[in-house]
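A short worksheet on the structure shown next.
The values are calculated or read from the model by the stated rules, or taken from the named source; none is laboratory data. Values in this document were obtained by computation on a predicted structure and should not be read as measured data. Cβ placement follows ideal geometry from the backbone for every residue including glycine, while neighbour counts extend to all protein chains displayed.
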Amino acid sequence: MTAFIIRRIFWTIPVILLVIFMTFVLMRQIAGNPFRQTERAVPEAIQRNLEEKYGLDKPWYMQYLLYVRGVATFDLGPSLVLRNRTVNDIVKDHFPNSIQLGGLAFLFAVVFGIPLGVIAALRHNSSVDYGAMAFANVGFAVPNFLLGTLLIYLFAIRWGDTFGLPTSGWATWKHKVLPVIALGTGPMAIFARIVRGTMLETLQQDYVRTAKAKGLRWRRVVLVHVLRNSLIPVVTAAGPLLGFIVTGSFVVELIFGIPGIGRYYVTAVQARDYSVVMGVTVLLAIIIIVANLVVDILYGILDPRTREART
Amino acid sequence: MAVNPSQEAVRGAPGEPRSAGAPVRQSSLWRDAWRRYVKNRGAVAAALVFFLLLLYCFAVPGFWKIPGIWTSLRDVDPYQIDFPNAYASPSLAHPFGTDNFGRDLFARTALGGQISIAIGFGATLAILLIGVVYGAISGFAGGKLDNGMMRFLDALYGLPYLPFAIITLAIVGVVNFWTMVVALSIASWFTAARIVRGQIITLKQNDYVRAARAVGARWYRVLGRHLLPNTLGVLIIAIFLELPGVILGEAFLSFIGLGINPPDASWGSMAQDGRDAYRRAPHIIIVPSIAIATLVLCANFIADGLRDALDPRTRES
């Protein structure tokens, strides 16, 4: 097990380096230079000084190495457009909102998605099952910009007086209800579908039949034998779901006017703020990579059968 | 005993007559799959709706160009601006209403659908192509190379594609069909590669692969003749597994203003138009969103049906 964990951790380092490299190469291809925009034309000498200050005059591999060193020391460099701010400042300002939004949406998905899947599986092929799965299928298919807009329209405008929910912003808990539902419904549907599938599979297992034959109460069979074993494969879905939530947050932050990192990212791309775009991309990638690492290790701990196959 | 038997001789040699070769078995596999698929009512309904949606998108704008009977049916130009009629609710003249420029949404949703669906299938095929190449190399080579390639995928698994799609579009600076396909496939092929690799590894254990090797078939023949054709089943399933994500991805990009440029439309860019007017005319965002939802829903059901039909071993009992 230790060997598996060490090897798995070891493998993430070259992958992170490669992801930084890929982002770095991509960013260098973008046409234009933040200091050579016409509306902010500056004398040649100042331009050269600026490029020197930000290291843009060095060969590409030096820039890459300097950048990797920066990432390793949690310094993502200065913003190229907002002169007196660093990428770290921007991340500090916007990222907590996004983490809160994503975290609450994830929680929403777990709290409502898992019971939905469990109930559907226990009442297999009943109207409850069909209803839950119809809900899950629609929940996955409806794009979150429609869901978000409908939620605003219904609960903040048409019945705004009854519910008192605002249309946009991120100040109080009232601001957070609608965005969290808009972002969390898709992952909730995915959770429900996965849990239902694994539950149905577990219910067929011999040990469940044995437990039932022993005369255990059905509730105990479900809670101890079925649920625990069914939730293990669900852990593996957590990594991809995180990516799903990150993607969704770009749209949801835009709709609800939330000052998060996704909304800022789009403006930074348009303003050609290389360092912000790179910093945020690398940060998101590292978070996902580390989340995958944790999921894999957790899976190895929860399900000993996978350890040997993977070491 | 022949010292160096040619492949033809070997194929004909073992007990069974030659007619029991690959083609016959394959046709019965597909016929079985068809029978199983037709039994799944949800999947059949989804396929029907999917077909109708394709028919609507690709036939409606075409009808008014064909002279004759169709011209009278719906002679509406999706680019025709008509300000006095802007924001009109659905009516007989405009079954889906009009948008903020007074353009007919019935014709425009079809036009947007063409672009969305074309990008969707284009990017899906690109994803599968990369996935097949990567997965086949990894699964076929095995050993250290396979190990390294898979660890790489393990770590990248679940990486959000949107930032990379945005950067790609920023680099190219032009938004059209091809750049959208590249942007949407550049960081989305990891799952496809895993599926293909898994399939290749399973297939490699089969006796017929060992037999082919034993009679001296070269690696490219084993791969091209025995392994890759047998991944076709999972690839067909994968088309409909990947399609929803790609369609939604295109919609997201267009919705945040980085997608298809006006006056052309995709369902995502139409939803973005509707977003600005959702209080006054909610149908402008609802119509294209429902089109997206229908397509995604159908693709999911078709994928489920195909999985049951083509890969019965994984079927829930």
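Suppose the filter is in a helix (DSSP H, G or I), at pLDDT 85 or above and more than 10 Å from chain B (Cβ to nearest Cβ); does A:G197 pass it? Here the answer is no, as A:G197 does not meet what is asked. Set side by side, the residues B:A309, B:A291, B:A303, B:A265 differ, and just one is closer than 29 Å to B:I167 by Cα and not in a loop (DSSP other than H, G, I, E, B), which is B:A291.
Here B:W178 meets the list (1) surrounded by 15 or more Cβ atoms within 10 Å (Cβ to Cβ); (2) at pLDDT 85 or above; (3) not β-branched (V, I, T) almost entirely, failing just condition (1).
Condition check ((1) buried (at least 19 other Cβ atoms within 10 Å of the Cβ); (2) out of contact with any Lys or Arg (no Cβ under 9 Å at 6 or more places or on another chain); (3) not aromatic (F, W, Y)) across all residues:
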| residue | (1), (2), (3) |
| --- | --- |
| A:Y265 | yes, yes, no |
| A:G279 | yes, yes, yes |
| A:A285 | yes, yes, yes |
| A:V290 | no, yes, yes |
| A:V294 | no, yes, yes |
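Tell me whether the stretch A:240-260 contains one or more residues that are surrounded by fewer than 19 Cβ atoms within 10 Å (Cβ to Cβ) and more than 10 Å from chain B (Cβ to nearest Cβ). Checked the stretch A:240-260: at least one residue is surrounded by fewer than 19 Cβ atoms within 10 Å (Cβ to Cβ) and more than 10 Å from chain B (Cβ to nearest Cβ).
Looking at A:Y207, A:Y264, just one residue is farther than 28 Å from B:Y278 by Cβ, among the aromatic types (F, W, Y) and assigned to a helix (DSSP H, G or I), and that residue is A:Y207.
Counting residues in the stretch A:301-308 that are more than 7 Å from chain B (Cβ to nearest Cβ), basic (K, R) and not in a helix (DSSP H, G or I) gives zero.
Using the structure shown, decide if B:W267 is out of contact with any Phe, Trp or Tyr (no Cβ under 7 Å at 6 or more places or on another chain), in contact (Cβ under 8 Å) with a residue 40 or more places away in the chain, within 12 Å of chain A (Cβ to nearest Cβ) and among the aromatic types (F, W, Y). Against the criterion (out of contact with any Phe, Trp or Tyr (no Cβ under 7 Å at 6 or more places or on another chain), in contact (Cβ under 8 Å) with a residue 40 or more places away in the chain, within 12 Å of chain A (Cβ to nearest Cβ) and among the aromatic types (F, W, Y)), B:W267 qualifies. Scanning the stretch A:199-221 for residues that are among the acidic types (D, E) and within 20 Å of A:G117 (Cβ to Cβ) yields one hit, A:E201. Do we have A:L122 as surrounded by 14 or more Cβ atoms within 10 Å (Cβ to Cβ) and more than 14 Å from every other protein chain (Cβ to nearest Cβ) here? Here the answer is yes, as A:L122 does meet what is asked. When you scan the stretch B:241-259, how many residues do you find that are surrounded by fewer than 24 Cβ atoms within 10 Å (Cβ to Cβ) and within 18 Å of the chain's Cα centre (by Cα)? Of the residues in the stretch B:241-259, 3 are surrounded by fewer than 24 Cβ atoms within 10 Å (Cβ to Cβ) and within 18 Å of the chain's Cα centre (by Cα).
Out of A:A192, A:A156, one residue alone is more than 20 Å from A:S98 (Cβ to Cβ), within 11 Å of chain B (Cβ to nearest Cβ) and either among the hydrophobic types (A, V, I, L, M, F, W, C) or part of a helix (DSSP H, G or I) (or both). It is A:A156. Annotation note: of B:D311, B:D273, B:D264, the sole residue that is closer than 21 Å to A:I194 by Cβ and at pLDDT below 85 is B:D311.
Against the test of being more than 28 Å from A:V266 (Cα to Cα) and assigned to a helix (DSSP H, G or I), the options A:G148, A:G131 yield a single qualifying residue, A:G131. Of all positions in the stretch A:220-236, none carries a residue that is within 9 Å of another protein chain (Cβ to nearest Cβ) and either surrounded by fewer than 16 Cβ atoms within 10 Å (Cβ to Cβ) or without any contact (Cβ under 8 Å) to a residue 24 or more places away in the chain (or both).
For the stretch A:82-98, does any single residue satisfy the condition of being within 20 Å of A:I286 (Cα to Cα) and touching a strand residue (DSSP E or B) at 6+ places or on another chain (Cβ under 8 Å)? Yes, some residue in the stretch A:82-98 is within 20 Å of A:I286 (Cα to Cα) and touching a strand residue (DSSP E or B) at 6+ places or on another chain (Cβ under 8 Å). Among the residues making up the stretch B:141-158, a single one is more than 8 Å from every other protein chain (Cβ to nearest Cβ) and either buried (at least 22 other Cβ atoms within 10 Å of the Cβ) or part of a loop (DSSP other than H, G, I, E, B) (or both): B:G142.
Of the residues in the stretch B:159-171, not one is of a type outside the set (K, R) and more than 14 Å from every other protein chain (Cβ to nearest Cβ). When we screen B:T231, B:T202 for residues that are among the hydroxyl-bearing types (S, T, Y), surrounded by 18 or more Cβ atoms within 10 Å (Cβ to Cβ) and out of contact with any Gly (no Cβ under 6 Å at 6 or more places or on another chain), the only hit is B:T231.
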